[in-house]
Amino acid sequence: MKIPTNLFKFSFIALGWIVFILLCYVAFKDEKTNVLITMKDSLREAINIDYQERLNKILIHYRPLGRKVKGVQIEYGDSLEIIYFEDSTHESLATQLANQYVMTRIIPVNPDNFNKIFQEEWEKNGVSAAKTGIIYRYNKKKVFSDNDSISFQKALVTPVQAIDAKRTAGVQAWAMIHWTEIVKHTTPKVLWSIIAYFIVLIWVSLSFLKKPQEKEIPDNPDYIQLGKMTLKLESKKLYIGDRLCHIAPADFNLLELFIKTPKHLLTKEDIKNAFWPKDNNPENKIYSHISTLKSSLKDFPEYQIVTEKGGYRLVISSNE
């Protein structure tokens, strides 16, 4: 039953860590989505600010067509053009879209200036980026701020935001954000939940993996306990778990000596001094009692007497 129990423990711990990793991944992904939403908001503000700055440099006359503003009639110079919207559009938005359409040819978006505006709006939202950039699209052609057409491939990028009435022009924003910045903006409730789960998981893992300490010297003078091994001192009986292990009194005393010795290691000299201090040649006696002790423990493979240089050691299996 030991192997299934250990397997259950390791499976439980592994499952706990898998859940922790998934929890961190979901929290990180959600916060990354929130950062992207912040980028979109900053981009919209930047579009409005850039629009006003460019609009102040030119004069455009517009005339809404219909009460619900289904379209606009644009007059600039000697040109006259009518643009219809797919759906009813608010007059102020229709005006901006129409003006943007004209300005794409007169005063187009300058990606470098637009990026400066975007950076200012971005900083107002309290998110720090290592680098930001703007991609300006006009008639499927792209212009990059700072002529940087490489960095955005590894950055967080917003969808294209169309800015004119005929959707011929659009802008995208990108930002190089370190993962620690995303973690820093994780909501306190989620962050503390992850930390609490991590602490509990560490505690449970260590508790499961910690090997029970052996009782070298028992508090009760009537018996000695070593793992599942119990030595009844008065009756000279050995129990391993619930099973009685038949053992001779002399072997019982030898086993008791093994248990009480640090690291369960006895030299031949230790055994001689404990049992036959005046015997000048106890080799045969030592070998005989070691052999009979091994024989007594043969049905309990988790406890073994092994021969080492100059002595013997009681070895306890890690599965015990």
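Test E269 against the criterion of being open to solvent by 60 Å² or more (accessible area, probe 1.4 Å), in contact with a Lys or Arg (Cβ under 8 Å, 6 or more places away or on another chain) and not hydrophobic (A, V, I, L, M, F, W, C), and give yes or no.
no
Which fully enclosed helices (runs of 4 or more DSSP H) of the range 83-193 have 3 or more residues being closer than 30 Å to K70 by Cα, touching a residue at least 40 places away in the same chain (Cβ under 8 Å) and under 32 Å from the mean Cα position of the chain (by Cα)?
So the answer is none; nothing clears 3.
Just need a number here: residues in the range 238-253 that are open to solvent by 40 Å² or more (accessible area, probe 1.4 Å) and more than 53 Å from the chain's Cα centre (by Cα).
Residues flagged as open to solvent by 40 Å² or more (accessible area, probe 1.4 Å) and more than 53 Å from the chain's Cα centre (by Cα) within the range 238-253 amount to 5.
Can you tell me which residue in the range 254-273 is nearest to E308 (Cα to Cα), limited to those that are charged (D, E, K, R) and more than 53 Å from the chain's Cα centre (by Cα)? Steps first, please.
First, pick out the residues of the range 254-273 that are charged (D, E, K, R): 256, 260, 263, 268-270, 272.
Next cut, more than 53 Å from the chain's Cα centre (by Cα) only: 268-270, 272.
On the way: K268: 10, E269: 13, D270: 14, K272: 16 Å.
Across the range 254-273, the extreme among qualifying residues is K268.
Here is a yes/no grid of residues against (1) modelled with pLDDT under 90; (2) among the charged types (D, E, K, R); (3) part of a strand (DSSP E or B):
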position: L231; (1), (2), (3): yes, no, yes
position: S235; (1), (2), (3): yes, no, no
position: A250; (1), (2), (3): yes, no, no
position: L254; (1), (2), (3): yes, no, no
position: F258; (1), (2), (3): yes, no, no
position: K263; (1), (2), (3): yes, yes, no
position: L266; (1), (2), (3): yes, no, yes
position: E269; (1), (2), (3): yes, yes, no
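Which count do you get for residues in the range 11-60 that are surrounded by 12 or more Cβ atoms within 10 Å (Cβ to Cβ), within 26 Å of S207 (Cα to Cα) and either at pLDDT 85 or above or not small (G, A, S) (or both)?
The number of residues fulfilling the criteria is 7.
Just give me the residues in the range 272-300 being in contact (Cβ under 8 Å) with a residue 40 or more places away in the chain and open to solvent by less than 50 Å² (accessible area, probe 1.4 Å), in sequence order.
Scanning the range 272-300 gives L293, S296, L297, F300.
For a quick check of your reading of the model, give me the residue pairs whose first member lies in the range 35-56 and is in contact (Cβ under 8 Å) with a residue 24 or more places away in the chain, whose second is charged (D, E, K, R), with beta-carbon atoms closer than 6 Å and at least 6 apart or on different chains.
So the pair list comes out as S42/E121; E45/E121; A46/E121.
Whether any residue in the range 211-223 is touching an Asp or Glu at 6+ places or on another chain (Cβ under 9 Å), modelled with pLDDT under 90 and not in a loop (DSSP other than H, G, I, E, B) is what I want to check.
Scanning the range 211-223 turns up at least one residue that is touching an Asp or Glu at 6+ places or on another chain (Cβ under 9 Å), modelled with pLDDT under 90 and not in a loop (DSSP other than H, G, I, E, B).
The values are calculated or read from the model by the stated rules, or taken from the named source; none is laboratory data. Predicted model only: the values in this text are computed from it and were never measured. So basically every Cβ, Gly included, is an ideal-geometry build from the backbone, and we count neighbours across all protein chains shown. Accessible surface is based on the protein model in full, side chains and every heavy atom, while ligands, DNA and RNA are left aside. Shrake-Rupley method; radii C 1.70, N 1.55, O 1.52, S 1.80 Å.
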